[in-house]
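The values are calculated or read from the model by the stated rules, or taken from the named source; none is laboratory data. Note that the structure is predicted; figures quoted are calculated from it, not measured. Note that we place each Cβ from the backbone using ideal geometry, even for glycine, and neighbour counts take in every protein chain shown.
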Amino acid sequence: MKKIAIIDLGSNSARMIIMKISNKNSYKMIEQEKDMVRLSENMGKEKTLKEPAMNRTIHVLKLFKRLIEAHKAHVVHAYATAALRNAKNQEEFLFRVKKEVGLDLKVISGKEEAYYDFLGVINTIDSRDFVMIDIGGGSTEIGLIRDRKLVESVSLPYGSVVLTESFLGEHRVCHEKLKALEGFMKKEMKKLKWLEQGKKLPIIGLGGSIRTVAKIDRKHIGFPLERLHNYQLTYEEFQSAYEKAIQEKLSDRKKVPGINKERADIIAGGLAPLKVLMDMLDSKKLIVSGNGLREGVFYENYLKDFDIHNNLVSDVLRHSVENGLKNYDVNMEHSIQVKKIGLLLFDELLDLHKLGTKERPILEVAALLHDIGIYVDYYNHHKHGFYLVLNSRINGLTNRELLMCAFLVGMHRNFKFKKDWKEYDMLISEDDYNTIRKLALLLKMSEMLDRNEYGSVKDIKANISKEHAKIILTSNNSLELEIEAAMKSEDDFYKLFKRKLIMELRHIQKIN
């Protein structure tokens, strides 16, 4: 077992995560802490860190150090970004941190910051082509990603704190000044000729200001999940949130649901670069990433032990699910067998359920995760599983797909799982729920067909007529227990598919 602490000291905030890597090479976050330190506050044209800001920051870093010691972290990576990159008294501050806190703080370049942002995104969001933007307090990183590769990147020395101090002021957002800010950022971005290759691509945004967009939208529409990672907005939804964030009076901005009172004074300056970028590229979609530099640093360190090419996992969803299965100590052989049976049933019964390539992966993931609730307790483990799927770090799925997976897990033992889907009708429609019922039935039958967990079912074929659906199971063992358990779903099968369910065993012939 190993524990890694990662600190990201930005211009506006200080953040830390502690990750635990188990003996099975699975990993999970065991600690997260953040604080608004405003390190770059009032640096001005002379580019010097001011005493109050340095004192605030050192106080927070001391608290981080105590958490690191409490968790007995084996390795500490402490990185500083724009504020220290630009500060003339950088060495003085680094010396104080070393002396007063006992941390070796490393100042990374803008290119390095963009690269770590990229690693944090590309390993946790299943997108191949996009433009990435990270708006911090003192800088803005922009990257062009094609075929999951960081093709171009830049770090601009303008972030939410810098732009607010330079153009807007803290208390009032003057319309003319905001337009001047947007014009300035447009001029700077137009210098990046490679950005033209990002036309029409989705934007993946990082940083506290961009997460605030998701929070504003979530509060406005009553979004039912807390998860912000992979939260997606249309351009119109972003524009609506932006207009709420740029209200003239600070007191009015503080009242907007979703805006942190500590961020209200700099939120307009923090979102203007994103507004300019979306307009320049005519981008119709914003994807919010909850992961960035800290997670990127983690993946660089974690993946190097497996000789992973370019620090990229090959399949975001598969990697995330496999990590979850290890964390929840799931019976892997049983889960893989249930997945195999579920996908065979899905393919053989295609003419009945009439679902397609979008629904098949949802069944696949749910089949693998169906027993994770046993980690909490066997009794009602389907209910525990529902909440674990929703609240675990399962990457590579949209929020809608994740919710559908959670329902499948919740219904795999009790087809009448008592969770009102209308609580989530913003994400899933009545048609989606009908799809969930079909997939949940296939999952329930799949688990029953591995009831003894011996992996006895080798293959499945189906013959479908107007009255019957005959499922032919191939095995070299007796399947009496499995067939009897699976046939308990025959009434639900008939209600959904209007066919009488029949199961038949075909023994594999042994060759002498």
**Message:** Checking the condition closer than 30 Å to Asp329 by Cβ, at pLDDT below 95, within 24 Å of the chain's Cα centre (by Cα) and basic (Lys, Arg), which residue from Lys20, Lys24, Lys3 passes?
**Reply:** Lys24
**Prompt:** If Phe184 passes every condition in (1) out of contact with any Asp or Glu (no Cβ under 9 Å at 6 or more places or on another chain); (2) at pLDDT 95 or above; (3) not in a helix (DSSP H, G or I) but one, which one does it miss?
**Reply:** (3)
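Check every one of the helices (runs of 4 or more DSSP H) wholly within the range 12-125 and list those with 1 or more residues that are more than 29 Å from Leu144 (Cα to Cα) and not β-branched (Val, Ile, Thr).
Once the helices (runs of 4 or more DSSP H) in the range 12-125 are filtered for at least 1 residues that are more than 29 Å from Leu144 (Cα to Cα) and not β-branched (Val, Ile, Thr), what remains is 51-71, 90-96.
Inspect all residues belonging to the range 339-353 and state whether any of them is more than 25 Å from Leu225 (Cα to Cα) and either of a type in the set (S, T, N, Q) or touching a Cys at 6+ places or on another chain (Cβ under 8 Å) (or both). Even if it seems obvious, please write down each step before you answer.
Filtering the range 339-353 down to residues more than 25 Å from Leu225 (Cα to Cα) leaves 339-353.
With either of a type in the set (S, T, N, Q) or touching a Cys at 6+ places or on another chain (Cβ under 8 Å) (or both) added as a condition, the list becomes none.
No, there is no match, as no residue in the range 339-353 is more than 25 Å from Leu225 (Cα to Cα) and either of a type in the set (S, T, N, Q) or touching a Cys at 6+ places or on another chain (Cβ under 8 Å) (or both).
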**Selection within the range 76-99 - of a type in the set (A, V, I, L, M, F, W, C) and more than 20 Å from Glu113 (Cβ to Cβ)** = Phe95
**Complete:** Leu144: passes all of (1) touching a residue at least 60 places away in the same chain (Cβ under 8 Å); (2) touching an Asp or Glu at 6+ places or on another chain (Cβ under 9 Å); (3) in a strand (DSSP E or B) but (1)
**Message:** Testing Leu344 on (1) more than 26 Å from Asp126 (Cα to Cα); (2) part of a helix (DSSP H, G or I), one condition comes back false. Which one is that?
**Reply:** (1)
**Complete:** In the range 182-205, anything free of Cβ contacts under 8 Å to residues at least 60 places away in the same chain and of a type in the set (Lys, Arg) is listed as Lys187, Lys191, Lys193
**Asked** Is at least one residue of the range 229-242 aliphatic (A, V, I, L, M), closer than 23 Å to Gly138 by Cβ and not in a helix (DSSP H, G or I)?
**Response** no
**Message:** Which count do you get for residues in the range 23-47 that are touching a residue at least 24 places away in the same chain (Cβ under 8 Å), within 20 Å of Gly120 (Cα to Cα) and either surrounded by fewer than 19 Cβ atoms within 10 Å (Cβ to Cβ) or out of contact with any strand residue (DSSP E or B) (no Cβ under 7 Å at 6 or more places or on another chain) (or both)?
**Reply:** 7
**Asked** Within the range 142-156, is even one residue modelled with pLDDT under 95, of a type in the set (Asp, Glu), surrounded by fewer than 18 Cβ atoms within 10 Å (Cβ to Cβ) and farther than 23 Å from His77 by Cα?
**Response** no
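Residues checked against (1) surrounded by 17 or more Cβ atoms within 10 Å (Cβ to Cβ); (2) at pLDDT below 95:
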{"position": "Glu69", "(1), (2)": "no, no"}
{"position": "Ala73", "(1), (2)": "yes, no"}
{"position": "Ala80", "(1), (2)": "yes, no"}
{"position": "Ala83", "(1), (2)": "yes, yes"}
{"position": "Leu94", "(1), (2)": "yes, no"}
{"position": "Leu105", "(1), (2)": "yes, no"}
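So, in the range 192-244, how many residues would count as being aromatic (Phe, Trp, Tyr) and in contact with a Leu (Cβ under 7 Å, 6 or more places away or on another chain)? Can you show your working first?
Pass one, the range 192-244, residues aromatic (Phe, Trp, Tyr): 194, 223, 231, 235, 238, 242.
With the extra rule that they be in contact with a Leu (Cβ under 7 Å, 6 or more places away or on another chain), the set shrinks to 194, 238, 242.
The number of residues fulfilling the criteria is 3.
Restricted to the range 323-347, and to residues that are among the charged types (D, E, K, R) and surrounded by 18 or more Cβ atoms within 10 Å (Cβ to Cβ), which residue is nearest to the chain's Cα centre (by Cα)?
Across the range 323-347, the extreme among qualifying residues is Lys339.
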